[in-house]
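Read through the structure below, which is laid out as structure tokens, and then see the notes.
The values are calculated or read from the model by the stated rules, or taken from the named source; none is laboratory data. Small disclaimer: the values here were computed from a predicted structure and weren't measured. Here the Cβ is made from the backbone with ideal geometry for all residues, glycine too, and neighbour counts use every protein chain on show.
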Amino acid sequence: MLVWQGRTELIRVQRDFDHFAVDLQGNRLFLAAEDHGTLEVFDLRTGKHLRSVSGFETPHSIFPIPQTHRC
């Protein structure tokens, strides 16, 4: 069952962000901001935006690799 935990405003990302991945070990949520060309990283506990990773044309299909702490 899903339970509402809170809300995080996305300032720069306006639309087209339908690809997500969760890294439970690292406590992170990844969002592929396709139109913005970035991978957005959030803290799962606080909902705080941690960073934007640029360098993608159109990011899709995020796959966290827990052993390396990378996607």
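Of all residues in the stretch 10-38, those that are part of a strand (DSSP E or B) have Cβ atoms under 7 Å from Cβ atoms of residues that are at pLDDT below 80 and among the small types (Gly, Ala, Ser), 6 or more apart or on another chain, in His19/Ser61.
Quick one: count up the residues across the stretch 17-44 that are small (Gly, Ala, Ser) and within 19 Å of Trp4 (Cα to Cα). So that I can check it myself, show each step before the final result.
Narrowing the stretch 17-44 to residues small (Gly, Ala, Ser): 21, 26, 32-33, 37.
From what is left, the residues that are within 19 Å of Trp4 (Cα to Cα) are 21.
So the count comes out to 1.
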